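Please read the structure below before turning to the comments.
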Amino acid sequence: SLLFEQGDVAKAKKTIDDALESLSGEDGLVVAGFFFGLGDKLFENSQFKDAMQTYKAALEIRLELLGDRHPDTAESYETVGNVFYKEADFESAEEMYRK
């Protein structure tokens, strides 16, 4: 996203959130994938707060569309756990890993 590349993470997320309201099914999964990829980039750049927001957005979409037993949802739980771990919140990290 151009907004993300320009450093405007909040505006990029707002734009995506607005678009999400009209999406469902396969389109929603594409958006979840975008959030997940964005979270990876933020995580790699040690922007853990923003990474957490985007990973949680992906998790919420995947939970709604795929349920809690799907491998993609499990992957989202893991990445949220990784952020908690990096922030030294080991109890929350473990909770995410166990899901």
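The values are calculated or read from the model by the stated rules, or taken from the named source; none is laboratory data. Keep in mind the model is a prediction, meaning the values are calculated, not measured. Here Cβ is always computed from backbone atoms with ideal geometry, including for glycine, and neighbour counts include all displayed protein chains. The accessibility values were calculated without ligands, DNA or RNA, using every heavy atom of the protein model including side chains. Shrake-Rupley method; radii C 1.70, N 1.55, O 1.52, S 1.80 Å.
Of the residues that make up segment 2-9, is at least one modelled with pLDDT of 90 or more, open to solvent by less than 80 Å² (accessible area, probe 1.4 Å), on the phi > 0 side of the Ramachandran plot and outside any helix (DSSP H, G or I)? The answer is no; no qualifying residue exists.
Across segment 46-76, the qualifying residues are those that are part of a helix (DSSP H, G or I) and among the acidic types (Asp, Glu), and the one among them that is surrounded by the most Cβ atoms within 10 Å (Cβ to Cβ) is Asp50.
Might you let me know whether segment 35-42 holds any residue that is touching a Lys or Arg at 6+ places or on another chain (Cβ under 7 Å) and either in a helix (DSSP H, G or I) or modelled with pLDDT of 90 or more (or both)? No; the residues of segment 35-42 include none that is touching a Lys or Arg at 6+ places or on another chain (Cβ under 7 Å) and either in a helix (DSSP H, G or I) or modelled with pLDDT of 90 or more (or both). Could you grab me the full set of residues in segment 88-98 that are part of a loop (DSSP other than H, G, I, E, B) and exposed (fewer than 14 other Cβ atoms within 10 Å of the Cβ)? Once the filter is applied, which keeps residues that are part of a loop (DSSP other than H, G, I, E, B) and exposed (fewer than 14 other Cβ atoms within 10 Å of the Cβ), segment 88-98 yields only Ala88. Selection over segment 28-45 of residues that are under 19 Å from Phe84 (Cβ atoms) and buried (at least 18 other Cβ atoms within 10 Å of the Cβ) gives a count of 6. Figure legend. Inter-residue proximity from segment 14-37: first residues closer than 17 Å to Leu59 by Cβ, second residues assigned to a helix (DSSP H, G or I) and at pLDDT below 70, beta-carbon distance below 6 Å, spacing 6+ or different chains. Indicated pairs: Val31/Leu20.
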